[in-house]
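The values are calculated or read from the model by the stated rules, or taken from the named source; none is laboratory data. What you see is a predicted model, and the numbers here were worked out from it, not measured in a lab. Here Cβ is always computed from backbone atoms with ideal geometry, including for glycine, and neighbour counts include all displayed protein chains. With ligands, DNA and RNA removed, areas are computed over all heavy atoms of the protein, side chains included. Shrake-Rupley method; radii C 1.70, N 1.55, O 1.52, S 1.80 Å.
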Amino acid sequence: MPESVSIPTGPSAAPPPPDAGQARLAALHALGILDTGPEPQFDRIMALVARYFRTPFGSVTFVDDHRQWFKASVGFTHRSDPRRQSVCALTVDAGCPLVIPDLLADPRTTGLDAVQGGHRLRFYAGVPLRADGHAVGTLCVLDTRPRDFSDEDREVLAQFAELAQSELRLRLALRDLEALALTDPLTELPNRRAFQQALASACCAAGTGQPLVVGLLDLDRFKPINDTLGHAVGDAVLRFVAQRVRALLRPGETLARYGGDEFTLLLTGPDAETRARQIALELPHRLHMPSGLRVGVSLGLVLASGPADPRALLELADHTMYRAKAAGTPVVHARYPDEAAPPGD
(Lines give C-alpha, C1' and ligand atoms only; values in the text may rest on other atoms or scores of the structure.)
Protein backbone atom coordinates (compact mmCIF):
# COMPACT_ATOMS: atom_id res chain seq x y z
CA MET A 1 0.00 0.00 0.00
CA PRO A 2 1.26 3.56 -0.65
CA GLU A 3 2.22 5.61 2.35
CA SER A 4 -0.65 8.03 1.72
CA VAL A 5 -3.67 8.24 -0.49
CA SER A 6 -4.85 11.66 0.74
CA ILE A 7 -5.25 14.00 -2.20
CA PRO A 8 -5.31 17.77 -1.57
CA THR A 9 -7.56 19.97 -3.69
CA GLY A 10 -6.40 23.29 -2.25
CA PRO A 11 -3.28 25.35 -3.10
CA SER A 12 -0.15 23.34 -3.72
CA ALA A 13 2.72 23.16 -1.27
CA ALA A 14 5.52 25.70 -1.45
CA PRO A 15 8.20 24.90 -4.06
CA PRO A 16 11.14 22.93 -2.66
CA PRO A 17 14.36 24.80 -1.82
CA PRO A 18 16.97 25.01 -4.61
CA ASP A 19 19.20 22.30 -3.15
CA ALA A 20 16.25 19.90 -2.93
CA GLY A 21 15.40 20.75 -6.53
CA GLN A 22 18.90 19.82 -7.64
CA ALA A 23 18.76 16.56 -5.71
CA ARG A 24 15.41 15.78 -7.34
CA LEU A 25 16.81 16.43 -10.80
CA ALA A 26 19.83 14.26 -10.03
CA ALA A 27 17.50 11.43 -8.97
CA LEU A 28 15.47 11.85 -12.16
CA HIS A 29 18.50 11.83 -14.45
CA ALA A 30 19.93 8.82 -12.62
CA LEU A 31 16.90 6.84 -13.79
CA GLY A 32 18.13 7.19 -17.37
CA ILE A 33 14.52 7.19 -18.58
CA LEU A 34 14.13 10.62 -20.20
CA ASP A 35 13.90 10.53 -24.01
CA THR A 36 13.89 6.73 -24.13
CA GLY A 37 11.66 4.78 -26.48
CA PRO A 38 8.31 3.22 -25.61
CA GLU A 39 8.36 0.25 -23.26
CA PRO A 40 5.41 -2.18 -23.28
CA GLN A 41 5.16 -2.45 -19.50
CA PHE A 42 4.46 1.26 -19.07
CA ASP A 43 2.12 1.33 -22.07
CA ARG A 44 0.11 -1.56 -20.62
CA ILE A 45 -0.21 0.08 -17.20
CA MET A 46 -1.36 3.34 -18.75
CA ALA A 47 -3.92 1.63 -20.97
CA LEU A 48 -5.35 -0.23 -17.95
CA VAL A 49 -5.54 2.97 -15.88
CA ALA A 50 -7.40 4.90 -18.59
CA ARG A 51 -9.76 2.00 -19.20
CA TYR A 52 -10.52 1.52 -15.50
CA PHE A 53 -11.30 5.21 -14.90
CA ARG A 54 -12.91 5.70 -18.33
CA THR A 55 -10.79 8.75 -19.07
CA PRO A 56 -9.78 9.81 -22.58
CA PHE A 57 -6.36 11.02 -21.40
CA GLY A 58 -3.65 9.78 -19.08
CA SER A 59 0.10 9.53 -18.85
CA VAL A 60 3.19 8.28 -17.09
CA THR A 61 4.98 11.60 -16.93
CA PHE A 62 8.44 12.71 -15.81
CA VAL A 63 9.12 16.35 -14.98
CA ASP A 64 12.55 17.97 -15.16
CA ASP A 65 13.49 21.63 -14.76
CA HIS A 66 11.94 22.82 -18.02
CA ARG A 67 9.40 20.28 -19.33
CA GLN A 68 7.09 17.38 -18.69
CA TRP A 69 7.83 14.30 -20.79
CA PHE A 70 5.51 11.37 -21.41
CA LYS A 71 6.99 7.90 -21.08
CA ALA A 72 3.57 6.42 -21.85
CA SER A 73 0.27 8.11 -22.62
CA VAL A 74 -3.32 7.68 -23.75
CA GLY A 75 -4.97 10.38 -25.84
CA PHE A 76 -1.90 12.57 -26.29
CA THR A 77 -0.09 12.58 -29.63
CA HIS A 78 2.91 14.63 -28.47
CA ARG A 79 5.70 13.62 -26.06
CA SER A 80 6.36 16.76 -24.02
CA ASP A 81 5.13 20.17 -22.86
CA PRO A 82 6.88 23.15 -21.26
CA ARG A 83 6.96 22.81 -17.47
CA ARG A 84 4.95 25.99 -17.06
CA GLN A 85 2.09 24.28 -18.95
CA SER A 86 2.21 21.14 -16.83
CA VAL A 87 -0.40 20.09 -14.28
CA CYS A 88 1.85 17.19 -13.31
CA ALA A 89 4.50 19.69 -12.19
CA LEU A 90 2.08 20.73 -9.42
CA THR A 91 1.93 17.12 -8.22
CA VAL A 92 5.71 16.79 -8.34
CA ASP A 93 6.28 20.07 -6.52
CA ALA A 94 3.75 19.16 -3.83
CA GLY A 95 5.26 15.69 -3.50
CA CYS A 96 1.87 14.11 -2.82
CA PRO A 97 -1.22 12.98 -4.76
CA LEU A 98 -3.31 15.73 -6.29
CA VAL A 99 -6.89 15.92 -7.59
CA ILE A 100 -8.34 18.96 -9.34
CA PRO A 101 -12.05 18.32 -10.00
CA ASP A 102 -12.35 21.28 -12.40
CA LEU A 103 -9.17 22.63 -13.99
CA LEU A 104 -11.05 25.63 -15.37
CA ALA A 105 -12.12 26.69 -11.88
CA ASP A 106 -8.69 26.32 -10.24
CA PRO A 107 -6.49 29.46 -10.40
CA ARG A 108 -3.34 27.30 -10.78
CA THR A 109 -4.57 25.66 -13.97
CA THR A 110 -7.31 27.80 -15.54
CA GLY A 111 -4.89 29.56 -17.90
CA LEU A 112 -3.07 26.47 -19.18
CA ASP A 113 -3.13 25.84 -22.92
CA ALA A 114 -4.50 22.32 -22.45
CA VAL A 115 -7.44 23.79 -20.51
CA GLN A 116 -8.24 26.89 -22.58
CA GLY A 117 -7.60 25.31 -25.96
CA GLY A 118 -6.23 22.17 -27.50
CA HIS A 119 -7.67 19.23 -25.56
CA ARG A 120 -9.89 21.43 -23.30
CA LEU A 121 -9.07 19.37 -20.25
CA ARG A 122 -11.25 19.89 -17.16
CA PHE A 123 -10.30 17.14 -14.68
CA TYR A 124 -6.99 15.88 -13.31
CA ALA A 125 -5.89 13.24 -10.80
CA GLY A 126 -2.24 12.32 -10.34
CA VAL A 127 0.02 10.38 -7.96
CA PRO A 128 3.79 11.03 -7.69
CA LEU A 129 6.38 8.54 -8.91
CA ARG A 130 9.54 8.59 -6.83
CA ALA A 131 13.24 7.95 -7.26
CA ASP A 132 15.69 8.05 -4.35
CA GLY A 133 12.96 9.57 -2.18
CA HIS A 134 12.18 12.43 -4.59
CA ALA A 135 9.02 12.98 -6.65
CA VAL A 136 10.27 12.84 -10.24
CA GLY A 137 7.06 12.21 -12.17
CA THR A 138 3.45 11.12 -11.99
CA LEU A 139 0.89 8.61 -13.10
CA CYS A 140 -2.20 10.64 -13.93
CA VAL A 141 -5.62 10.58 -15.59
CA LEU A 142 -7.42 13.52 -17.19
CA ASP A 143 -10.87 14.14 -18.58
CA THR A 144 -12.61 16.76 -20.70
CA ARG A 145 -15.37 17.22 -18.14
CA PRO A 146 -15.32 18.03 -14.43
CA ARG A 147 -15.84 14.98 -12.25
CA ASP A 148 -15.71 13.70 -8.71
CA PHE A 149 -13.05 11.28 -7.54
CA SER A 150 -14.06 9.02 -4.66
CA ASP A 151 -11.83 7.70 -1.89
CA GLU A 152 -11.92 4.32 -3.63
CA ASP A 153 -10.83 5.95 -6.91
CA ARG A 154 -7.97 7.61 -5.12
CA GLU A 155 -6.80 4.36 -3.59
CA VAL A 156 -6.99 2.49 -6.92
CA LEU A 157 -5.03 5.22 -8.70
CA ALA A 158 -2.37 5.00 -5.97
CA GLN A 159 -2.16 1.24 -6.50
CA PHE A 160 -1.71 1.69 -10.24
CA ALA A 161 1.05 4.19 -9.47
CA GLU A 162 2.71 1.55 -7.31
CA LEU A 163 2.70 -0.80 -10.33
CA ALA A 164 4.53 1.87 -12.35
CA GLN A 165 6.88 2.43 -9.41
CA SER A 166 7.67 -1.30 -9.36
CA GLU A 167 8.55 -1.18 -13.05
CA LEU A 168 10.94 1.69 -12.36
CA ARG A 169 12.64 -0.29 -9.62
CA LEU A 170 12.92 -3.34 -11.88
CA ARG A 171 14.32 -1.19 -14.69
CA LEU A 172 17.02 0.16 -12.36
CA ALA A 173 17.85 -3.32 -11.04
CA LEU A 174 18.29 -4.69 -14.57
CA ARG A 175 20.52 -1.76 -15.48
CA ASP A 176 22.65 -2.33 -12.38
CA LEU A 177 22.98 -6.03 -13.22
CA GLU A 178 24.07 -5.18 -16.74
CA ALA A 179 26.66 -2.76 -15.38
CA LEU A 180 27.99 -5.44 -13.04
CA ALA A 181 28.21 -7.90 -15.92
CA LEU A 182 30.41 -5.44 -17.82
CA THR A 183 32.69 -4.36 -14.94
CA ASP A 184 35.81 -5.95 -13.50
CA PRO A 185 35.24 -6.05 -9.72
CA LEU A 186 38.91 -5.68 -8.75
CA THR A 187 39.83 -2.60 -10.79
CA GLU A 188 36.32 -1.28 -11.52
CA LEU A 189 37.34 -1.02 -15.18
CA PRO A 190 35.27 -2.36 -18.05
CA ASN A 191 35.86 -6.10 -18.39
CA ARG A 192 36.64 -8.29 -21.42
CA ARG A 193 33.01 -8.49 -22.49
CA ALA A 194 32.55 -4.71 -22.31
CA PHE A 195 35.75 -4.14 -24.28
CA GLN A 196 34.73 -6.58 -26.99
CA GLN A 197 31.41 -4.78 -27.37
CA ALA A 198 33.14 -1.39 -27.59
CA LEU A 199 35.67 -2.73 -30.09
CA ALA A 200 32.95 -4.21 -32.29
CA SER A 201 31.20 -0.82 -32.41
CA ALA A 202 34.47 0.97 -33.16
CA CYS A 203 35.25 -1.45 -35.99
CA CYS A 204 31.88 -0.71 -37.56
CA ALA A 205 32.71 3.00 -37.44
CA ALA A 206 36.17 2.29 -38.86
CA GLY A 207 34.42 1.01 -41.98
CA THR A 208 33.41 4.64 -42.64
CA GLY A 209 37.00 5.86 -42.27
CA GLN A 210 37.09 6.51 -38.52
CA PRO A 211 40.65 5.73 -37.32
CA LEU A 212 41.13 3.58 -34.26
CA VAL A 213 43.93 2.23 -32.11
CA VAL A 214 43.82 -1.02 -30.15
CA GLY A 215 46.41 -1.57 -27.45
CA LEU A 216 47.26 -4.64 -25.39
CA LEU A 217 49.22 -3.94 -22.21
CA ASP A 218 50.86 -6.68 -20.17
CA LEU A 219 52.71 -6.26 -16.86
CA ASP A 220 56.31 -7.44 -16.79
CA ARG A 221 57.53 -9.66 -13.94
CA PHE A 222 54.09 -9.71 -12.35
CA LYS A 223 54.13 -13.40 -11.44
CA PRO A 224 57.13 -13.04 -9.08
CA ILE A 225 55.24 -10.27 -7.25
CA ASN A 226 52.32 -12.60 -6.67
CA ASP A 227 54.60 -15.52 -5.74
CA THR A 228 56.89 -13.66 -3.33
CA LEU A 229 54.68 -10.90 -1.89
CA GLY A 230 51.27 -12.54 -2.09
CA HIS A 231 48.08 -12.04 -4.04
CA ALA A 232 46.95 -9.11 -1.91
CA VAL A 233 50.00 -7.16 -3.10
CA GLY A 234 49.40 -8.39 -6.64
CA ASP A 235 45.82 -7.11 -6.49
CA ALA A 236 47.07 -3.76 -5.20
CA VAL A 237 49.48 -3.56 -8.14
CA LEU A 238 46.67 -4.23 -10.62
CA ARG A 239 44.52 -1.52 -9.05
CA PHE A 240 47.45 0.89 -9.06
CA VAL A 241 48.17 0.28 -12.74
CA ALA A 242 44.47 0.66 -13.61
CA GLN A 243 44.28 4.01 -11.81
CA ARG A 244 47.49 5.36 -13.34
CA VAL A 245 46.69 4.36 -16.91
CA ARG A 246 43.11 5.57 -16.63
CA ALA A 247 44.42 8.95 -15.44
CA LEU A 248 46.17 9.33 -18.81
CA LEU A 249 42.97 8.92 -20.79
CA ARG A 250 40.49 11.47 -22.04
CA PRO A 251 36.69 11.07 -22.11
CA GLY A 252 35.73 8.57 -24.80
CA GLU A 253 39.00 6.62 -24.53
CA THR A 254 38.63 3.13 -23.10
CA LEU A 255 40.81 1.12 -20.75
CA ALA A 256 39.65 -2.38 -19.79
CA ARG A 257 41.00 -5.26 -17.77
CA TYR A 258 41.15 -8.06 -20.29
CA GLY A 259 42.17 -10.76 -17.84
CA GLY A 260 44.97 -11.56 -15.38
CA ASP A 261 47.59 -8.84 -15.71
CA GLU A 262 46.51 -7.81 -19.23
CA PHE A 263 44.77 -4.55 -20.02
CA THR A 264 43.35 -3.31 -23.32
CA LEU A 265 43.13 0.20 -24.77
CA LEU A 266 40.73 1.55 -27.38
CA LEU A 267 41.18 5.00 -28.89
CA THR A 268 39.08 6.40 -31.72
CA GLY A 269 38.87 9.61 -33.69
CA PRO A 270 41.11 11.57 -36.04
CA ASP A 271 43.84 11.99 -33.40
CA ALA A 272 43.77 8.36 -32.22
CA GLU A 273 47.30 7.63 -33.44
CA THR A 274 48.70 10.82 -31.90
CA ARG A 275 46.99 10.08 -28.61
CA ALA A 276 48.32 6.51 -28.62
CA ARG A 277 51.87 7.76 -29.01
CA GLN A 278 51.38 10.32 -26.21
CA ILE A 279 50.07 7.66 -23.85
CA ALA A 280 52.86 5.23 -24.75
CA LEU A 281 55.49 7.92 -24.12
CA GLU A 282 54.04 8.92 -20.76
CA LEU A 283 53.08 5.49 -19.46
CA PRO A 284 56.48 4.21 -18.18
CA HIS A 285 56.87 7.33 -16.02
CA ARG A 286 53.50 6.82 -14.32
CA LEU A 287 54.05 3.35 -12.90
CA HIS A 288 56.42 3.99 -9.98
CA MET A 289 54.56 2.76 -6.93
CA PRO A 290 54.87 4.74 -3.67
CA SER A 291 56.26 1.62 -1.95
CA GLY A 292 59.25 1.68 -4.31
CA LEU A 293 58.00 -1.39 -6.14
CA ARG A 294 58.52 -0.86 -9.87
CA VAL A 295 56.11 -2.24 -12.41
CA GLY A 296 57.25 -2.73 -15.98
CA VAL A 297 54.87 -2.91 -18.93
CA SER A 298 54.91 -4.18 -22.47
CA LEU A 299 52.47 -2.52 -24.84
CA GLY A 300 51.48 -3.47 -28.36
CA LEU A 301 49.58 -0.88 -30.37
CA VAL A 302 47.70 -1.54 -33.61
CA LEU A 303 46.62 1.36 -35.81
CA ALA A 304 43.69 0.90 -38.22
CA SER A 305 42.13 3.48 -40.50
CA GLY A 306 39.67 1.40 -42.50
CA PRO A 307 37.41 -1.65 -42.24
CA ALA A 308 38.75 -3.87 -39.46
CA ASP A 309 37.98 -7.23 -37.93
CA PRO A 310 37.88 -7.11 -34.09
CA ARG A 311 39.42 -10.57 -33.62
CA ALA A 312 42.24 -9.85 -36.08
CA LEU A 313 43.00 -6.55 -34.35
CA LEU A 314 43.26 -8.22 -30.96
CA GLU A 315 45.46 -11.01 -32.34
CA LEU A 316 47.78 -8.46 -33.91
CA ALA A 317 47.84 -6.38 -30.70
CA ASP A 318 48.74 -9.52 -28.78
CA HIS A 319 51.55 -10.31 -31.23
CA THR A 320 52.98 -6.78 -31.07
CA MET A 321 52.85 -6.82 -27.28
CA TYR A 322 54.92 -10.02 -27.18
CA ARG A 323 57.37 -8.47 -29.66
CA ALA A 324 57.77 -5.57 -27.22
CA LYS A 325 58.29 -7.96 -24.31
CA ALA A 326 60.87 -10.04 -26.20
CA ALA A 327 62.79 -6.97 -27.38
CA GLY A 328 62.72 -5.27 -24.00
CA THR A 329 61.07 -2.29 -25.67
CA PRO A 330 58.06 -0.88 -23.81
CA VAL A 331 56.03 -0.26 -26.99
CA VAL A 332 55.75 -1.83 -30.44
CA HIS A 333 53.48 -0.42 -33.15
CA ALA A 334 51.80 -2.25 -36.01
CA ARG A 335 49.37 -1.28 -38.73
CA TYR A 336 46.30 -3.18 -39.73
CA PRO A 337 45.91 -4.79 -42.22
CA ASP A 338 49.58 -4.39 -43.30
CA GLU A 339 50.74 -6.75 -40.55
CA ALA A 340 47.49 -8.66 -40.16
CA ALA A 341 49.32 -11.93 -40.78
CA PRO A 342 52.03 -11.91 -38.08
CA PRO A 343 55.23 -13.77 -38.90
CA GLY A 344 55.84 -16.94 -36.93
CA ASP A 345 58.13 -16.79 -33.89
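In this structure, does Thr110 turn out to be open to solvent by 40 Å² or more (accessible area, probe 1.4 Å), without any contact (Cβ under 8 Å) to a residue 12 or more places away in the chain, touching a helix residue (DSSP H, G or I) at 6+ places or on another chain (Cβ under 8 Å) and assigned to a loop (DSSP other than H, G, I, E, B)?
In short, yes.
Quickly run through segment 129-153 and pick out the residues that are assigned to a helix (DSSP H, G or I), open to solvent by 40 Å² or more (accessible area, probe 1.4 Å) and touching a residue at least 40 places away in the same chain (Cβ under 8 Å).
Correct list: Asp151 only.
Only one of (1) under 15 Å from Leu299 (Cα atoms); (2) not in a helix (DSSP H, G or I) is not met by Leu249, so which one is it?
Exception for Leu249: condition (1).
Identify, by number, the condition in (1) open to solvent by less than 70 Å² (accessible area, probe 1.4 Å); (2) out of contact with any helix residue (DSSP H, G or I) (no Cβ under 9 Å at 6 or more places or on another chain); (3) modelled with pLDDT of 90 or more that Pro251 doesn't meet.
The one condition Pro251 does not meet is (1).
I'd like to know if segment 221-233 contains one or more residues that are part of a helix (DSSP H, G or I), closer than 17 Å to Arg275 by Cβ and open to solvent by less than 50 Å² (accessible area, probe 1.4 Å).
No, segment 221-233 has no match at all.
Scan segment 154-198 for residues that are closer than 29 Å to Val237 by Cβ, surrounded by fewer than 19 Cβ atoms within 10 Å (Cβ to Cβ) and β-branched (Val, Ile, Thr) and jot them down.
Thr183
Taking the condition of being open to solvent by 10 Å² or more (accessible area, probe 1.4 Å) and either under 16 Å from His134 (Cβ atoms) or part of a helix (DSSP H, G or I) (or both), how many residues in segment 57-68 meet it?
So the count comes out to 2.
Between Asp102, Asp43, which is among the charged types (D, E, K, R), in contact with a Phe, Trp or Tyr (Cβ under 8 Å, 6 or more places away or on another chain) and at pLDDT 95 or above?
Asp102
Of the residues Leu212, Leu174, Leu182, only one is at pLDDT below 95 and in contact with a Lys or Arg (Cβ under 7 Å, 6 or more places away or on another chain); which?
Being at pLDDT below 95 and in contact with a Lys or Arg (Cβ under 7 Å, 6 or more places away or on another chain) holds for just one of Leu212, Leu174, Leu182, which is Leu182.
Restricting to segment 258-279, give me the number of residues that are over 30 Å from the mean Cα position of the chain (by Cα) and not charged (D, E, K, R).
Result for segment 258-279: 0.
Search segment 82-95 for residues that are touching a residue at least 12 places away in the same chain (Cβ under 8 Å) and pair each with any residue that is open to solvent by 40 Å² or more (accessible area, probe 1.4 Å) and in a helix (DSSP H, G or I) when their beta-carbon atoms are under 6 Å apart and the residues are at least 6 apart or on different chains.
Qualifying pairs under 6 Å: Gln85/Asp113; Ala89/Arg83.
Checking Arg54 against (1) in contact with an Asp or Glu (Cβ under 9 Å, 6 or more places away or on another chain); (2) surrounded by 14 or more Cβ atoms within 10 Å (Cβ to Cβ), which test does it fail?
Failed condition: (2).
Output the residue which, of all residues in segment 308-345 that are in a loop (DSSP other than H, G, I, E, B) and under 34 Å from the mean Cα position of the chain (by Cα), is modelled with the lowest pLDDT.
Restricting to residues being in a loop (DSSP other than H, G, I, E, B) and under 34 Å from the mean Cα position of the chain (by Cα), the top hit is Ala308.
Which ones in segment 258-282 are part of a strand (DSSP E or B) and open to solvent by less than 40 Å² (accessible area, probe 1.4 Å)?
Tyr258, Gly259, Glu262, Phe263, Thr264, Leu265, Leu266, Leu267
Condition check: in a helix (DSSP H, G or I) and either surrounded by 13 or more Cβ atoms within 10 Å (Cβ to Cβ) or free of Cβ contacts under 8 Å to residues at least 40 places away in the same chain (or both). Does Val241 satisfy that?
yes
Residue pairs, Cβ under 9 Å, 6 or more apart or interchain, first in segment 320-331 and farther than 15 Å from Pro284 by Cβ, second surrounded by fewer than 19 Cβ atoms within 10 Å (Cβ to Cβ) and among the acidic types (Asp, Glu). List them.
Note: pairs meeting the criteria are Thr320/Glu339; Tyr322/Asp345; Arg323/Asp345; Ala326/Asp345.
Which of (1) under 30 Å from Asn226 (Cα atoms); (2) open to solvent by 20 Å² or more (accessible area, probe 1.4 Å); (3) at pLDDT below 90 is the odd one out, the single condition Ser305 does not satisfy?
Ser305 satisfies every listed condition except (1).
If you scan segment 49-64, which residues turn out to be touching a residue at least 24 places away in the same chain (Cβ under 8 Å) and of a type in the set (D, E, K, R)?
Asp64
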